[in-house]
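Let me begin by handing over the structure; questions about it come next.
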């Protein structure tokens, strides 16, 4: 009984088949409707990304790069530099310079308190005047003694006076001569004392030893200045100055490259502070000792071109050249990798990358500059396609992988 009931509950296969077939087309249609827009969006997104290319930047180079033997880095250093101080101890009363001030040789740049020294000078001047006046008095006495001695001598010959009177006149004459000699020595002594007082006074005036520029001001009014700077809160130097006409670049050259440099070798100097400027130089000195810790030798390169913008302690790079650079060699050129240049008919050009697309830009070749070639038609900083050049066409959308 139960088996008959179970048999009646089974669904006939024939009846189930058509119902299943009717549901499949509806599911497939739904899948197509959902996926189709996604596929379209993905297609256009992929197409919008463009062709992936490698690109390079148009460079600005200098012809000197092609005949540079060696590069070294260093700093601009003044060969004449001084910490200006006083020879005596005193309180700074006045200072007339600041950082950047230009001073000439012998110019007074500061003064210590010197009223006592000035008084000593005035005292010495008075002593000189007094000694000179005393000398004039002694000379007048000598003239009188000489006249008296002459008369007594004549009278003695005529027998008019006694020998004792003549002897007295002679003694007076000799005392007058000695007095004048002593007076002259007194004048010289007073003059020497005055000179010493003036020298001591001059020590209170701090002067520039040579024409230079003030680099640092180390003391101010009211500071105690002493030659040794040993006292508490005392200053040894008032200012530090440097002769900017003596600026040279000091650079380290590796021992292994020392054979590539020689005295008088032409150089080109560039400064980080003035990247657009190129300065001609010449190897002035190879210091005859090596630094064992760095395995290098110090060299000094002298500037041929002077410039007011050059300052001590600027970082610098030196290129040691095969030959002397001309003015034309120091003119920057626009250059590219020769591999980016393509031919289109009778024209040569590059694929210029701009706003995500490539544009064919005609160029003209110039001189070869090392691994690069000079071109006109593009400017420094432009990006141009390197590869794959064969897939590019005018206006094609690209995406760059910078290199």
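The values are calculated or read from the model by the stated rules, or taken from the named source; none is laboratory data. In this text, all values refer to a predicted model and were calculated from it rather than measured experimentally. Virtual Cβ from ideal backbone geometry, glycine too; neighbours counted across all protein chains shown.
Somewhere in segment 68-75, is a residue at pLDDT below 85 and either under 30 Å from residue 259 (Cβ atoms) or surrounded by 15 or more Cβ atoms within 10 Å (Cβ to Cβ) (or both)?
no
Right, here's the next one. So which of 84, 34, 61 is modelled with pLDDT under 90 and in contact with a strand residue (DSSP E or B) (Cβ under 6 Å, 6 or more places away or on another chain)?
One residue alone meets the criteria, 61.
So residue 292 passes all but one of these: (1) more than 20 Å from residue 243 (Cα to Cα); (2) in contact with a strand residue (DSSP E or B) (Cβ under 6 Å, 6 or more places away or on another chain); (3) at pLDDT 90 or above. Which condition number does it fail?
That leaves (2) as the condition not met.
Quick one: how many residues across segment 79-100 are assigned to a loop (DSSP other than H, G, I, E, B), over 15 Å from residue 203 (Cβ atoms) and out of contact with any helix residue (DSSP H, G or I) (no Cβ under 6 Å at 6 or more places or on another chain)? Step through it out loud before you land on a result.
First, pick out the residues of segment 79-100 that are assigned to a loop (DSSP other than H, G, I, E, B): 79-80, 86-89, 96-100.
After this cut, where a residue has to be over 15 Å from residue 203 (Cβ atoms) as well, the list is 79-80, 96-100.
With the extra rule that they be out of contact with any helix residue (DSSP H, G or I) (no Cβ under 6 Å at 6 or more places or on another chain), the set shrinks to 96-100.
Here the count works out to 5.
Given the criterion in contact (Cβ under 8 Å) with a residue 24 or more places away in the chain, over 30 Å from residue 112 (Cβ atoms) and within 16 Å of the chain's Cα centre (by Cα), identify the matching residue among 258, 244, 274.
Just one listed residue meets the conditions, 274.
Determine whether segment 56-78 contains at least one residue that is over 21 Å from residue 249 (Cβ atoms), in a loop (DSSP other than H, G, I, E, B) and outside the structural domain of residue 261 (by TED's automatic domain parsing).
Taking every residue of segment 56-78 in turn, at least one turns out to be over 21 Å from residue 249 (Cβ atoms), in a loop (DSSP other than H, G, I, E, B) and outside the structural domain of residue 261 (by TED's automatic domain parsing).
What number of residues in segment 325-348 are surrounded by fewer than 15 Cβ atoms within 10 Å (Cβ to Cβ) and either in contact (Cβ under 8 Å) with a residue 40 or more places away in the chain or closer than 16 Å to residue 248 by Cβ (or both)?
Residues flagged as surrounded by fewer than 15 Cβ atoms within 10 Å (Cβ to Cβ) and either in contact (Cβ under 8 Å) with a residue 40 or more places away in the chain or closer than 16 Å to residue 248 by Cβ (or both) within segment 325-348 amount to 4.
Can you pull out the residues in segment 369-387 that are modelled with pLDDT under 85 and in contact with a strand residue (DSSP E or B) (Cβ under 8 Å, 6 or more places away or on another chain)? First the steps, then the outcome.
Kept after step one, since they are modelled with pLDDT under 85, are these residues of segment 369-387: 369-371, 387.
Of everything in segment 369-387, those that are modelled with pLDDT under 85 and in contact with a strand residue (DSSP E or B) (Cβ under 8 Å, 6 or more places away or on another chain) turn out to be 369, 370, 387.
How many residues, within segment 314-332, are farther than 23 Å from residue 378 by Cα and in contact with a strand residue (DSSP E or B) (Cβ under 8 Å, 6 or more places away or on another chain)? Outline the logic, then answer.
Here is the first cut: in segment 314-332, the residues farther than 23 Å from residue 378 by Cα are 314-327.
Within this subset, residues satisfying the condition of being in contact with a strand residue (DSSP E or B) (Cβ under 8 Å, 6 or more places away or on another chain) are 314-325.
Residues that pass the stated criteria total 12.
Quick check on segment 313-327. Is at least one of its residues modelled with pLDDT of 95 or more, farther than 19 Å from residue 64 by Cβ and in contact with a helix residue (DSSP H, G or I) (Cβ under 9 Å, 6 or more places away or on another chain)?
Within segment 313-327 (the criterion being modelled with pLDDT of 95 or more, farther than 19 Å from residue 64 by Cβ and in contact with a helix residue (DSSP H, G or I) (Cβ under 9 Å, 6 or more places away or on another chain)), the answer is no, since none of the residues qualifies.
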